[in-house]
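The values are calculated or read from the model by the stated rules, or taken from the named source; none is laboratory data. Not measured: the values here are computed from a predicted model. No Cβ is skipped: glycine too gets one built from the backbone with ideal geometry, and neighbour counts run over all protein chains shown. Calculation scope for accessible area: heavy atoms of the full protein, side chains included, ligands and nucleic acids excluded. Shrake-Rupley method; radii C 1.70, N 1.55, O 1.52, S 1.80 Å.
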Amino acid sequence: MDNELTHEESTFINFRCYIRDSKEHGYRWVDIKQLRFCAESADDGELLSALIGHEQFRDDYAGGGVLPDGSRHGPYWLQSINSDLYESISQEKAVQILREWVGSLGGVSTELEADLQREVFARVAAADAIHYLGELGDEAIHDWGWVHDCFHELVLVDRSVGRITLIVAADD
């Protein structure tokens with residue numbers, strides 16, 4: 001593919017910043033990475049492959065950040081992930097997955113809801129295509145990948161602005 005992805009920006013929403021009671025669960029977060037691509041080129045499979053090959057994808061989401069030579073992505077060995085594993089889903093299904101995850105521990109604060117709406121749900125609504133990485137099975141989980149209780153990954157493609165957005169929502 002003759003289409004380089006360029007990392008544009010990242011946003012991190014830590015649910016711990018929104019809780020008032022320290023006894024509530026605070027190990028829940030959303031990480032959003034936006035990358036640019038040439039809007040008129042590449043099909044979604046090529047874009048997913050380019051994303052998987054990009055250094056921003058080499059993030060174990062366990063506090064170490066992006067490791068350019070890393071071999072992990074979230075709970076998975078990087079080598080276990082390819083573009084064929086992503087399922088194309090509707091905006092409604094993406095919202096359902098995220099809403100069920102957000103709501104599984106009860107209600108959220110008004111501030112958190114506003115940030116999720118702006119940073120996550122508005123991006124889902126603007127996407128031309130949405131791809132979901134389901135669970136890959138035990139053989140794909142790396143040596144300490146079990147630290148993630150829940151791991152949801154969406155890849156949003158917005159061709160009108162030439163942007164691919166990787167959204168990871170997880171508990172650890």
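If only residues of the stretch 25-35 that are at pLDDT 90 or above and buried (at least 19 other Cβ atoms within 10 Å of the Cβ) are counted, the one that is farthest from Arg99 (Cα to Cα) is Leu35. Note on the stretch 114-126: among residues that are farther than 15 Å from Asn14 by Cβ and not hydrophobic (A, V, I, L, M, F, W, C), the one that is most open to solvent (accessible area, probe 1.4 Å) is Arg118. Taking residues in the stretch 87-111 that are at pLDDT 90 or above, and partners anywhere that are part of a helix (DSSP H, G or I) and of a type in the set (A, V, I, L, M), the pairs with Cβ atoms closer than 7 Å and at least 6 places apart or on different chains are Gln91/Val124; Gln91/Ala125; Ala94/Val124; Val95/Val124; Leu98/Val120; Val102/Leu116. Selection of first residues in the stretch 46-58 that are open to solvent by 50 Å² or more (accessible area, probe 1.4 Å) and of second residues that are among the β-branched types (Val, Ile, Thr) and not in a helix (DSSP H, G or I), restricted to Cβ pairs under 9 Å at least 6 apart or on distinct chains, gives the following pairs, ordered by first then second residue: Glu55/Val66; Arg58/Val66. Of the numbered criteria (1) farther than 28 Å from Arg16 by Cβ; (2) loosely packed, with under 15 Cβ neighbours inside 10 Å; (3) in contact with a helix residue (DSSP H, G or I) (Cβ under 9 Å, 6 or more places away or on another chain), the one Glu92 fails is (3).
Looking only at residues of the stretch 6-24 that are within 23 Å of Tyr76 (Cβ to Cβ) and either in a strand (DSSP E or B) or more than 16 Å from the chain's Cα centre (by Cα) (or both), we find that the one that is modelled with the lowest pLDDT is Asn14. Screening Cys38 against (1) closer than 26 Å to Val161 by Cβ; (2) touching a helix residue (DSSP H, G or I) at 6+ places or on another chain (Cβ under 8 Å); (3) surrounded by fewer than 19 Cβ atoms within 10 Å (Cβ to Cβ) leaves a single unmet condition, (2).
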